[in-house]
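I have placed the structure first, in the form of structure tokens, so that the comments after it can refer back to it.
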Amino acid sequence: MPECRNLIFILGDQLSTAISSLRDAQPEHDVILICEVAEETTYVRHHRKKIIFVLSAMRHFCTELSERGFNVRYIKLDDADNTGSFTKELKRAVEALRPQNIVVTEPGEWRVRQAMDGWDRETGLSVDIRPDTRFLCSHEDFRLWAEGRRQLTMEFFYREMRRKTGLLMEGDAPTSGRWNFDSENRAPAKPDLFRPRHPTFSPDETTREVMGLVDCRFADHMGSSEGFSLAVTRSEAEKTADTFIADFLPKFGETQDAMVKGDPYLNHSLLSFYINIGLLDPLAVCQAAERAYLQGHAPINAVEGFIRQIIGWREYIRGVYWMFMPDYAHRNFFGATRPLPDFFWTGKTDMACLSTVIGETIDNAYAHHIQRLMITGNFAMLAGLDPHAVHEWYLEVYADAYEWVELPNVIGMSQFADGGLLGSKPYAASGAYISRMSDYCEGCRYDVNRKTGEGACPFNALYWDFLDRNAEKLSSNRRLAQPYANWRRMSDEKRNDYTQSARVFLKKLDDGTLV
Ligand code: FAD
Ligand code: DLZ
Ligand code: SF4
């Protein structure tokens, strides 16, 4: 057996040749371990397209590494000896290869970090756990920034990140004189038959093999392999990024908050899949967007908005995750306990907004930000669904979901279950918002203009009932002063109509009646 110096363990969302665990790797001395394991494919019941995406990208990454001369020990899910977990596969590899050390990049999830911290004990070897340098802000830097702040306002963090990266900066000042152009990014829905098409990729032999495996093994998970067309190699992901910058970025800002039936992707980038898994580098993507602005190809509101999502929100969300885990996962500010209705898995509801977004989620393992926040997330919070169950649903159904990014977005941003650590007020909205920002209400069985009673849009009564039942916790929030003043100004009869309508709707939900 040739001597193995380092056993380098690369996880399924670390598929980058620039990953820190490979920093000083030597093909002639080191062996790379990559393994498909049952534990990762089933710790939640991931959407089938998500599993196909991750496993196929892992297999293609193995080829990329082999082509660079690395010796890769690749364990497939259906290998007869597969033990089913990271820890057991690591121990098996240690027994087989007798390495001197183990090298890894820190994982993206708390539960894996817990396991990783025991790997030296489990294997009797030193385990070099390196920081994940794909992120621009280290855990330590985030902690330093957050310490002593009463509220962790993303905007201030974002400005630090602009200064740190130099993106859209002219010396110490922001390019174009403003840090944030969000106020120009709120255009409502507009179907556009001439919108360019996002690239799709036909499954190659490797992907087809994974599709067969997943259909057979995960038949009871959401979605199907049919229509799988995500990029699974670095060059395909780069093509998606180039197409986004060329064709979609110029209009990214103006349609960022819009929702249009039959157009699930609009001008969104669809890059979270690839950035999160390691096929694209977040900073390089932002630099490409900045170049588009400097070359006059895309306007500042679009480019600033896009860069803010990545160096601002994405980094900030990760900072919050690692700073407040593990208890963050169980925050439940409103004490909400309702289980998720069945239609979260089937899309079968008469509420057109929810059936559209959940239907698209089942088809594509994707929904864009406002769909996640203001349709499914908003409904879950207004209806008092258990935030932990809501979190697990999001982790299952989106192909870009890993706990470090999904959990704070759900628990903090969308459900306000952290009581306002991440956001200054809950993202609660009635049907009027959905009607303004989408074309979902046209043709819905419910009437968005009716406030209460049979046939009225359920979001209307749920919105006021949510404010009413949580008044003790929310009425002192200055950003909610206006809605609470409106609520108090209503007659007793009107307020009663709202709470009664909400009660009738929630009873139907609890009874499993079609709503
Ligand atoms: P675009 O709209 O094109 O945005 C560009 C990029 O900005 C994204 O690719 C992403 O990398 C980054 N970004 C934008 N918003 C956020 C954000 N709030 N947090 C982190 N990164 C952001 N994003 C995930 O990557 N994984 C998740 O599991 C996830 N779960 C979410 C759950 C909820 C309830 C909400 C409200 C948001 C969630 N997001 C998640 C954030 C955001 O919705 C997705 O990043 C985005 O929809 C991905 O599509 P896109 O690449 O087309 O994004
Ligand atoms: C999401 C996922 C899935 C479905 N399967 C695997 C796998 O079989 N092997 C693997 O290394 N990683 C997988 N992943 C991604 C991991 O869940 C992810 O690396 C950890 O949660 C750490 O963030
Ligand atoms: Fe959704 Fe209400 Fe509009 Fe129907 S009317 S689509 S339930 S917001």
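The values are calculated or read from the model by the stated rules, or taken from the named source; none is laboratory data. If you're wondering where the values come from, they're calculated on a predicted model, not measured in any experiment. Cβ sites come from the backbone with ideal geometry, for glycine too, and all protein chains shown count toward neighbours. These area figures cover heavy atoms from the full protein model, side chains too; ligands, DNA and RNA do not enter into them. Shrake-Rupley method; radii C 1.70, N 1.55, O 1.52, S 1.80 Å.
Here is the figure for the range 476-495: residues that are open to solvent by 80 Å² or more (accessible area, probe 1.4 Å) and in a helix (DSSP H, G or I) total 8. Only residues that are among the aliphatic types (A, V, I, L, M) and either within 16 Å of ligand 2 (Cβ to nearest atom) or open to solvent by 10 Å² or more (accessible area, probe 1.4 Å) (or both) were counted in the range 356-369, giving 2. Checked against the criterion of being free of Cβ contacts under 8 Å to residues at least 12 places away in the same chain and either in contact with a Lys or Arg (Cβ under 9 Å, 6 or more places away or on another chain) or away from ligand 3 (no atom under 16 Å from the Cβ) (or both), the candidates 3, 67, 39 yield just one match: 67.
At least 1 residues being over 29 Å from residue 12 (Cα atoms) is the threshold, and among the helices (runs of 4 or more DSSP H) wholly inside the range 370-475 those reaching it are 378-382, 431-437, 458-469, 471-474.
A single member of 296, 223 is under 18 Å from the mean Cα position of the chain (by Cα) and either within 16 Å of ligand 2 (Cβ to nearest atom) or modelled with pLDDT of 95 or more (or both), and it is 223. Checking the structure you have, find out if any residue of the range 257-275 is assigned to a loop (DSSP other than H, G, I, E, B), within 17 Å of residue 201 (Cα to Cα) and among the small types (Gly, Ala, Ser). Yes - at least one qualifying residue is present in the range 257-275.
Filtering the range 129-163 to residues that are more than 15 Å from residue 313 (Cβ to Cβ), free of Cβ contacts under 8 Å to residues at least 40 places away in the same chain and not hydroxyl-bearing (Ser, Thr, Tyr) leaves 129, 140, 141, 144, 147, 148, 149, 150, 163. Residues of the range 298-316 that are crowded, with 24+ Cβ neighbours inside 10 Å and aromatic (Phe, Trp, Tyr): 306, 316. Scanning the range 1-37 for residues that are at pLDDT 95 or above, in contact with a helix residue (DSSP H, G or I) (Cβ under 9 Å, 6 or more places away or on another chain) and of a type in the set (A, V, I, L, M) returns 7, 8, 10, 11, 15, 22, 31, 32, 33, 34, 37. Residue pairs whose Cβ atoms lie under 6 Å apart, separated by 6 or more positions or on different chains, with the first residue in the range 300-313 and among the hydroxyl-bearing types (Ser, Thr, Tyr) and the second open to solvent by 10 Å² or more (accessible area, probe 1.4 Å) and at pLDDT 95 or above, do not occur.
Checking each residue in the range 109-143 for being within 13 Å of ligand 2 (Cβ to nearest atom), out of contact with any Leu (no Cβ under 8 Å at 6 or more places or on another chain) and within 17 Å of residue 14 (Cβ to Cβ) picks out 109, 110, 111, 113, 115, 116, 129, 132, 134, 135. Every condition in (1) in contact with a helix residue (DSSP H, G or I) (Cβ under 6 Å, 6 or more places away or on another chain); (2) more than 16 Å from ligand 2 (Cβ to nearest atom); (3) assigned to a helix (DSSP H, G or I) is met by residue 349 except one, and the failing one is (3). Checked against the criteria, residue 419 counts as touching a residue at least 40 places away in the same chain (Cβ under 8 Å) and either open to solvent by 10 Å² or more (accessible area, probe 1.4 Å) or among the acidic types (Asp, Glu) (or both). Here 117, 172, 128 are screened, and the one residue that is more than 21 Å from the chain's Cα centre (by Cα) and surrounded by 15 or more Cβ atoms within 10 Å (Cβ to Cβ) is 128.
If the condition is being open to solvent by 40 Å² or more (accessible area, probe 1.4 Å) and modelled with pLDDT under 95, then the range 190-218 contributes 190, 191, 192, 193, 194, 196, 197. Applying the set (1) surrounded by fewer than 16 Cβ atoms within 10 Å (Cβ to Cβ); (2) charged (D, E, K, R); (3) under 22 Å from residue 274 (Cα atoms) to residue 50 leaves exactly one unmet item: (1).
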